[in-house]
Amino acid sequence: MSLQIETAQNVGVDYEIASIGERILAQFIDYAIYFIWFLAIAGMSAFINTSGSGISETWIITGGVMLPVLLYPLLCEYFLNGQTVGKMALKIKVIKLDGSKATLSSYLLRWLLSIIDTGIFSGLVAMLTIAITGKGQRLGDLAAGTAVIKTEPTIKLEHILTPDLAVNYQPVYPGVAQLSDKDIRTIRKVLATNNEELMDTAMSKIEGLLGVNSLEPASVFLRTIINDYNYYAGLEV
């Protein structure tokens with residue numbers, strides 16, 4: 001399952017949605033962080049009690065254990081760019097559906113609704129919602145307009161960037177001017193698949209649209225179309 005993000009270059013990049021298993025494992029890692037923190041506070045509490053300090057045990061439990069554990073997901077995701085320690089370990093993160101960094105209000109919504117998602121029903125609501133929604137979202141994600149993705153896009157950078165054209169580049173197919181940005185994005189994705197049958201089909205359709213008949217291999221033809229399009233787009237800047 002993937003989520004398409006439009007980059008600033010109007011190129012669609014597919015990010016793979018984090019699986020339920022990855023999100024659960026990330027949560028277990030965060031629980032381990034809670035446990036280590038609890039042991040540290042318990043040791044500190046024992047030391048304070050033996051030293052005869054006047055600090056109340058209630059304050060230690062509330063301020064030293066409960067608040068940090070409650071605020072951990074919110075603060076980590078806000079200051080660590082959508083990740084907790086568990087998410088970092090699993091290489092997953094929270095982003096907005098448009099690919100931008102989530103805002104504080106988005107993280108806050110996710111945090112508040114986690115009470116329903118993972119608290120009251122022990123994660124059952126979250127798992128059901130993630131399984132049902134097409135973008136792997138729990139209730140908090142739906143409310144905040146976010147999703148949890150793997151940090152590596154399924155289409156790599158080298159698949160979507162176009163190298164600079166030579167200064168003396170001469171376009172081969174003037175008719176490419178009638179193509180749209182969406183058409184070019186589709187051609188790039190077809191090239192990224194390295195599927196010869198798919199490239200042949202795309203070549204046939206473009207030849208029919210432009211009224212040309214090329215003798216070049218499909219991959220060469222499609223790259224030429226992209227280069228020609230970028231050449232004419234550059235003249236308009």
Exercise. Of all the helices (runs of 4 or more DSSP H) wholly in region 121-191, which have at least 3 residues that are at pLDDT 85 or above?
Worked result: 124-132, 139-144
For this session: Output yes when any residue across region 98-113 is more than 22 Å from THR151 (Cα to Cα), at pLDDT below 90, in a helix (DSSP H, G or I) and not small (Gly, Ala, Ser), and no when none is.
Result: no
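This table checks each residue for (1) surrounded by fewer than 16 Cβ atoms within 10 Å (Cβ to Cβ); (2) within 32 Å of the chain's Cα centre (by Cα); (3) not assigned by TED's automatic domain parsing to the domain that holds ASP228.
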residue	(1), (2), (3)
ALA177	yes, no, no
SER180	yes, yes, no
ILE187	no, yes, no
THR193	yes, yes, no
MET199	no, yes, no
ALA202	no, yes, no
GLY208	yes, no, no
VAL212	yes, no, no
LEU215	yes, no, no
Problem set entry | Answer from GLU22, GLU16 - the residue that is part of a helix (DSSP H, G or I) and either surrounded by 15 or more Cβ atoms within 10 Å (Cβ to Cβ) or at pLDDT 85 or above (or both) | GLU22
Problem set entry | Near pairs, Cβ below 6 angstrom, 6+ apart or cross-chain, from region 114-134 (of a type in the set (Asp, Glu)) to any residue that is part of a helix (DSSP H, G or I) | ASP117/VAL125; ASP117/ALA126; ASP117/LEU139; ASP117/GLY140
Seminar exercise, completed: Scanning region 90-109 for residues that are in contact with a helix residue (DSSP H, G or I) (Cβ under 7 Å, 6 or more places away or on another chain) and among the basic types (Lys, Arg), the one farthest from ALA143 (Cα to Cα) turns out to be LYS93
Exercise. Is one or more of the residues making up region 59-78 at pLDDT 95 or above, among the β-branched types (Val, Ile, Thr) and surrounded by 15 or more Cβ atoms within 10 Å (Cβ to Cβ)?
Worked result: no
Seminar exercise, completed: Taking region 192-237 and keeping residues assigned to a helix (DSSP H, G or I) and among the acidic types (Asp, Glu) leaves GLU196, GLU197, ASP200, GLU207, ASP228, GLU236
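Quick grid of which residues meet (1) surrounded by 15 or more Cβ atoms within 10 Å (Cβ to Cβ); (2) among the aliphatic types (A, V, I, L, M); (3) within 18 Å of TYR72 (Cβ to Cβ):
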site: ALA102; (1), (2), (3): yes, yes, yes
site: LEU108; (1), (2), (3): yes, yes, yes
site: SER114; (1), (2), (3): yes, no, yes
site: ASP117; (1), (2), (3): yes, no, yes
site: VAL125; (1), (2), (3): yes, yes, no
site: LYS135; (1), (2), (3): yes, no, no
site: ASP141; (1), (2), (3): yes, no, no
For this session: Give me the pairs, please: first residue somewhere in region 168-193 and touching a residue at least 60 places away in the same chain (Cβ under 8 Å), second residue anywhere and surrounded by 19 or more Cβ atoms within 10 Å (Cβ to Cβ) and assigned to a helix (DSSP H, G or I), beta-carbon distance under 6 Å, and either six or more positions apart or on two chains.
Result: PRO171/ASP228
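The values are calculated or read from the model by the stated rules, or taken from the named source; none is laboratory data. Keep in mind that this is a model prediction, so the values were computed, not measured. All Cβ positions, glycine included, derive from the backbone under ideal geometry; neighbour counts span all protein chains shown.
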